[in-house]
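The values are calculated or read from the model by the stated rules, or taken from the named source; none is laboratory data. It should be emphasised that the depicted structure is a prediction, and the values quoted were computed from it without experimental measurement. All Cβ positions, glycine included, derive from the backbone under ideal geometry; neighbour counts span all protein chains shown.
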Amino acid sequence: MELLIASFGESPGIVTEAIDILLDKGINIEKVILITTKDSDIKEGAEFIKRHTHQYNTYQGRISVDVKTVEEFEDIITDNAIERFIKITKEIFSFHKKEDTYVCISGGRKNMSTLLALLAQIYKAKMLFHIIPPQEIEKKWEDLRPLQSYPDEINKFLHPDISQIKFVPLPLQPLISPWMQEKTADEFFNQSDYSAAAKIYRILREEISDPRRIEIKELLSWSYLNWDLFNFSKAKQKLEEVVKRIKQYNHFLIDKIEHLQNQCLILSTLNRNKEFTENIKDNQYFENIVLSLFSKAQRYTQSGIYDQAILCLYRILELISQNRLALKGMDTKKVKENIRNKYKEKFAKLKKEITGASSEIPEKIALLDSWILLAVMGDTLFGNKKELKKLYEKTNIRNKLWIIHGYSVGKKKEFSKLEEYVHKWLEKLIENFDKKLKIFDFLIFE
């Protein structure tokens, strides 16, 4: 039997177009398995394709369609969703291991396509392919739903002339050795693409006889990913699991356990349920959050992502003023009226000297205004007019970025200038800054 497995998303026509192309190539598909999420529109579209395929005259009722749903999830992005998708897909491949299997990855979520393509390699599918219909033909189910009672109309979108559709066969390499899969995942990990690394580790650990090392690497990937996403609770949970497994297995990364335990302590400090203004005035929290951001900025530069690296440095400068204001009982989100009235004249004068234009103190203040306010309130750290002008000049790098207000792309030169400036500030504020920063270094797999 010849079987088509397809990830299924918002465009039902992808499936019928794939079937038509395979039939044209002399591949007589007898069964189709669609893998979907629990999204109601997508499930409805899949059920329609199931009925349509059975009724469509050209198929003569000889093609059956099954729909497999990752019931608990509308997208495949969380740990549990990925694990569930992999489990369902592996069961499909295993059950049909004697069939000639053709795999289409054109539909569904991006992660579904990526994981399905990888599993097609592992389970030795006969063909892996992608199709690209013209935009005017590719319709979502919400567009096709009103046409259900008009077969001639709906078939224009479900069964267009196949010459209009681009068929892209994808290379099926011989099964990659576990060693090569691990090295590929390690490369993703070392480039800070922890999500991609974790997905490969997850599949690999179920394929090898001794998965202990891979299990640790997968857990560490999830921990670092969540740390970078500021989900400190989950990062801490995963990292504590890493330390537990290292102690249990007493081999892999045993020489790194002290470093990882120190990182667990950092995450414990960052994982707080207090209000931000309470957290930021705590010196240990302040140090750890800015060190975390500085380390994250450096990781971004390793992948050439300078825009995001610059934003991390800018956020550090914001946190410096938020820390100083919080120690004075103030919140940058809501500066009290009595403070705004008391310092408005000094503020307006100093701001004009710095930027060329005066203004009142806003209730919600941004970076430059918060530094100027601290200066007029007598904070000696910010009292230097020359330093405030330098801040104004340096932070314009951020304001010119495409993703903020401007038309510039972040570059290494601009990042390096801002990094040097922020580094000098952190050396002033954090004792043994460079030594402490090393604790925030994420591991690299050799």
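Can you tell me which condition LEU381 does not meet? The list is (1) within 18 Å of LEU319 (Cβ to Cβ); (2) modelled with pLDDT under 85; (3) crowded, with 19+ Cβ neighbours inside 10 Å, and all the others hold.
Here LEU381 clears every test but (3).
Determine, yes or no, whether VAL422 is over 15 Å from TYR314 (Cα atoms), assigned by TED's automatic domain parsing to the domain that holds LEU367 and in contact (Cβ under 8 Å) with a residue 60 or more places away in the chain. Full working, then the answer.
Values: over 15 Å from TYR314 (Cα atoms): no; assigned by TED's automatic domain parsing to the domain that holds LEU367: yes; in contact (Cβ under 8 Å) with a residue 60 or more places away in the chain: yes.
Spelling it out, it is not the case that VAL422 is over 15 Å from TYR314 (Cα atoms), assigned by TED's automatic domain parsing to the domain that holds LEU367 and in contact (Cβ under 8 Å) with a residue 60 or more places away in the chain.
From (1) at pLDDT 90 or above; (2) polar (S, T, N, Q); (3) in contact with a strand residue (DSSP E or B) (Cβ under 9 Å, 6 or more places away or on another chain), pick out the condition that doesn't hold for THR16.
The failed condition is (3).
I'd like the full set of residues that are of a type in the set (S, T, N, Q) and farther than 24 Å from LYS247 by Cα, limited to region 179-233.
In the first step, residues of region 179-233 are kept if they are of a type in the set (S, T, N, Q); the result is 181, 184, 190-192, 195, 209, 221, 223, 226, 231, 233.
Answer for region 179-233, where residues must be of a type in the set (S, T, N, Q) and farther than 24 Å from LYS247 by Cα: GLN181, THR184, GLN191, SER192, SER195, ASN231.
Among the candidates GLU206, GLU182, GLU241, which residue alone is out of contact with any Asp or Glu (no Cβ under 6 Å at 6 or more places or on another chain) and surrounded by fewer than 15 Cβ atoms within 10 Å (Cβ to Cβ)? Can you show your working first?
Numbers: GLU182 fails: surrounded by fewer than 15 Cβ atoms within 10 Å (Cβ to Cβ); GLU241 fails: surrounded by fewer than 15 Cβ atoms within 10 Å (Cβ to Cβ).
Going through GLU206, GLU182, GLU241 in turn, the sole match is GLU206.
State all residues of region 241-257 that are in contact (Cβ under 8 Å) with a residue 60 or more places away in the chain and in a helix (DSSP H, G or I); if no residue qualifies, say none. Quick ask: steps written out before the conclusion?
The initial filter retains those residues of region 241-257 that are in contact (Cβ under 8 Å) with a residue 60 or more places away in the chain, namely 253, 256.
LYS256 - this is the single residue of region 241-257 that is in contact (Cβ under 8 Å) with a residue 60 or more places away in the chain and in a helix (DSSP H, G or I).
Can you confirm whether region 122-142 contains a residue that is under 21 Å from THR53 (Cα atoms), part of a helix (DSSP H, G or I) and either touching a His at 6+ places or on another chain (Cβ under 8 Å) or assigned by TED's automatic domain parsing to the domain that holds PHE93 (or both)? Explain how you work it out, then say what you get.
In the first step, residues of region 122-142 are kept if they are under 21 Å from THR53 (Cα atoms); the result is 129-133, 137-142.
Cutting the leftovers down to part of a helix (DSSP H, G or I) gives us 141-142.
Those still in the list that are either touching a His at 6+ places or on another chain (Cβ under 8 Å) or assigned by TED's automatic domain parsing to the domain that holds PHE93 (or both) too: 141-142.
Yes, region 122-142 contains at least one residue that is under 21 Å from THR53 (Cα atoms), part of a helix (DSSP H, G or I) and either touching a His at 6+ places or on another chain (Cβ under 8 Å) or assigned by TED's automatic domain parsing to the domain that holds PHE93 (or both).
Give the residues of region 293-329 that are in contact with an Asp or Glu (Cβ under 9 Å, 6 or more places away or on another chain) and closer than 18 Å to ASP441 by Cα, sorted by residue number.
PHE294, SER295, LYS296, ALA297, GLN298, ARG299, TYR300, THR301, SER303, ALA309, LEU313
When only residues in region 107-124 that are within 15 Å of ASP75 (Cβ to Cβ) and among the small types (Gly, Ala, Ser) count, which is farthest from the chain's Cα centre (by Cα)?
Out of the qualifying residues, it is GLY107.
Kindly list, by first and then second residue, each pair from a residue in region 101-113 that is in the same structural domain as TRP141 (by TED's automatic domain parsing) to a residue that is surrounded by fewer than 24 Cβ atoms within 10 Å (Cβ to Cβ) and part of a helix (DSSP H, G or I), limited to pairs with Cβ atoms under 6 Å and residues at least 6 apart or on different chains.
ILE105/SER113; ILE105/ALA117
Starting from region 159-182, take each residue that is β-branched (Val, Ile, Thr) and list its partners that are assigned to a loop (DSSP other than H, G, I, E, B) and modelled with pLDDT of 85 or more, counting only C-beta distances under 9 angstrom and pairs at least six apart or across chains.
Partner pairs satisfying both residue conditions: ILE165/PRO133; ILE165/PRO134; VAL168/SER106.
Among the residues of region 200-234, how many are part of a loop (DSSP other than H, G, I, E, B) and within 19 Å of PHE442 (Cβ to Cβ)?
Step one: of region 200-234, the residues part of a loop (DSSP other than H, G, I, E, B) are 206-211, 229-231.
Subset that is within 19 Å of PHE442 (Cβ to Cβ): 229-231.
Count: 3.
Got a sec? Which of SER292, SER192 is touching a helix residue (DSSP H, G or I) at 6+ places or on another chain (Cβ under 9 Å) and not in a loop (DSSP other than H, G, I, E, B)? I'd like the intermediate steps shown before the answer.
Working: SER192 fails: not in a loop (DSSP other than H, G, I, E, B).
The match here is SER292.
Answer yes if at least one residue in region 323-339 is in contact with a Phe, Trp or Tyr (Cβ under 6 Å, 6 or more places away or on another chain) and assigned to a helix (DSSP H, G or I), and no otherwise.
Initially, region 323-339 is screened for residues in contact with a Phe, Trp or Tyr (Cβ under 6 Å, 6 or more places away or on another chain), giving 323.
Keeping just the survivors that are assigned to a helix (DSSP H, G or I) gives 323.
Scanning region 323-339, I find at least one residue that is in contact with a Phe, Trp or Tyr (Cβ under 6 Å, 6 or more places away or on another chain) and assigned to a helix (DSSP H, G or I), so the answer is yes.
Restricting the search to region 94-137, which residues are surrounded by 20 or more Cβ atoms within 10 Å (Cβ to Cβ) and among the charged types (D, E, K, R)?
ARG109
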